[in-house]
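Q: This is the structure I have questions about; it appears just below.
The values are calculated or read from the model by the stated rules, or taken from the named source; none is laboratory data. Keep in mind it's a predicted model, so treat the numbers as computed, not measured. Quick reminder, even Gly has a Cβ in these numbers, built from the backbone with ideal geometry, and neighbours come from all protein chains shown.
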Amino acid sequence: MISNSDQYIVVNYHFVLNPEDRPDLGGIFPCLPETFSNQLKWLKKNFTLTAVDEVYRAAREKRSGRFCALTFDDGTRDHLEIVFPLLREQRAPGTFFVITGPFEGKMPTSHKIYRLRSELTIPELIDHYNNFSRNPMPTDKFIDPTERYDDLLTSNFKTTIARLPHSVANEFMNVLFSQLGWDENLEARKLFLMPEDIVKMKSGGMKFGAHGDSHNPFPVLKDDEVANELRNSKRILVDLLGEEVHLFSYPHGQYRRQHPKLIEDFGFHYAATTERRSINGIENKFLLPRFDANDLKDIQK
């Protein structure tokens, strides 16, 4: 949780919306627009709202005052429709870490799961997986004992899919999409920001960073595949924005020891994790921590 002693912070958001407005997304736990608006006002009152790199430099230089950067992962449409107007209203800067695959009609596996959960229950999804795989998914104990945010079946399903080779996970999801008669290109356009949206937000003062092309977690990829993720996502955004892209956010917040150096080699200057603490200014700038929106709940009371 954020405390009154935290001086240099980055706060991260994913979905900001009312769940009833998106019945096509199952199993998400969004930040409600009213909650985000209240958090934004509180942060503006108690911090100087600035960019990620400025928060890091303020920590390095031990500047007096309190500094905060707001980031938003994935690049979903609610960032344009809900977040962007609220940031403009408060004259607050925001940095959006965008998945670039949806520009070409490709939907990340994680977001396919959200879409599928709007139509199928977790037991039904597990049955489909067991029919697809030779290794049935356990239903009597947690696969990952540290992952207790969901019930046992949901946790095991998400953990199993996340640990699959990305080609196998995509094959499984594509089978289900086909059975349900869904078009991946259309679903991607409905859920994610498109290039014209990003250009509009940039003209409104927002900043952008890369979040991978496929959103596959780096630990399940080979180093050459990670390199392709970095290369492709950066190239696409540079071409779109007409300027260099210096910020990166790890998909799912996951990385291996070699990845910070690889990110630096591709010309990024900073990379953000999902480690929940304030910035101290002495950490690796390719492993910057970020608080989650949920960490603001108690501090506002």
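Q: Of the residues V220, V226, which is modelled with pLDDT under 95, assigned by TED's automatic domain parsing to the domain that holds R290 and farther than 16 Å from N284 by Cβ?
A: V220
Q: In segment 222-251, what residues are farther than 16 Å from K207 by Cα, in contact (Cβ under 8 Å) with a residue 40 or more places away in the chain and in contact with a helix residue (DSSP H, G or I) (Cβ under 7 Å, 6 or more places away or on another chain)?
A: Of everything in segment 222-251, just one residue is farther than 16 Å from K207 by Cα, in contact (Cβ under 8 Å) with a residue 40 or more places away in the chain and in contact with a helix residue (DSSP H, G or I) (Cβ under 7 Å, 6 or more places away or on another chain), namely P251.
Q: Continuing with this model, one more query. Which pairs have Cβ atoms under 6 Å, sit 6 or more apart or on different chains, and link a residue in segment 163-175 that is under 13 Å from S214 (Cβ atoms) to one that is crowded, with 19+ Cβ neighbours inside 10 Å and of a type in the set (F, W, Y)?
A: none
Q: Of all residues in segment 1-29, count the ones that are in a loop (DSSP other than H, G, I, E, B) and at pLDDT 95 or above.
A: Summing the residues that are in a loop (DSSP other than H, G, I, E, B) and at pLDDT 95 or above in segment 1-29 gives 5.
Q: Related question: Can you tell me which residue among T48, T76, T100 is of a type in the set (S, T, Y), in the same structural domain as V199 (by TED's automatic domain parsing) and over 20 Å from the mean Cα position of the chain (by Cα)?
A: T48
Q: Could I ask something else about it? Kindly indicate whether any position in segment 37-51 is more than 20 Å from G281 (Cβ to Cβ), surrounded by fewer than 22 Cβ atoms within 10 Å (Cβ to Cβ) and among the hydroxyl-bearing types (S, T, Y).
A: Scanning segment 37-51 turns up at least one residue that is more than 20 Å from G281 (Cβ to Cβ), surrounded by fewer than 22 Cβ atoms within 10 Å (Cβ to Cβ) and among the hydroxyl-bearing types (S, T, Y).
Q: I'd like the residue in segment 18-35 that is touching a strand residue (DSSP E or B) at 6+ places or on another chain (Cβ under 8 Å) and crowded, with 16+ Cβ neighbours inside 10 Å and, out of all such residues, is farthest from T121 (Cα to Cα).
A: Checked segment 18-35; the qualifying residue farthest from T121 (Cα to Cα) is P33.
Q: Sticking with this one: For Y56, indicate whether it is touching a Phe, Trp or Tyr at 6+ places or on another chain (Cβ under 6 Å) and touching a residue at least 60 places away in the same chain (Cβ under 8 Å).
A: Spelling it out, it is not the case that Y56 is touching a Phe, Trp or Tyr at 6+ places or on another chain (Cβ under 6 Å) and touching a residue at least 60 places away in the same chain (Cβ under 8 Å).
Q: Just the residues that are hydrophobic (A, V, I, L, M, F, W, C), assigned to a loop (DSSP other than H, G, I, E, B) and within 22 Å of P289 (Cβ to Cβ), please, taken from segment 30-53.
A: The answer is F47, A51.
Q: Any residue in segment 120-142 that's more than 16 Å from V175 (Cα to Cα) and in contact (Cβ under 8 Å) with a residue 24 or more places away in the chain: show its pairings with residues that are surrounded by 11 or more Cβ atoms within 10 Å (Cβ to Cβ) and of a type in the set (A, V, I, L, M) at Cβ separation under 8 Å, as long as the two are six or more apart or on different chains.
A: Taking only residues 6 or more apart or on different chains, the pairs are I122/L153; P123/L153.
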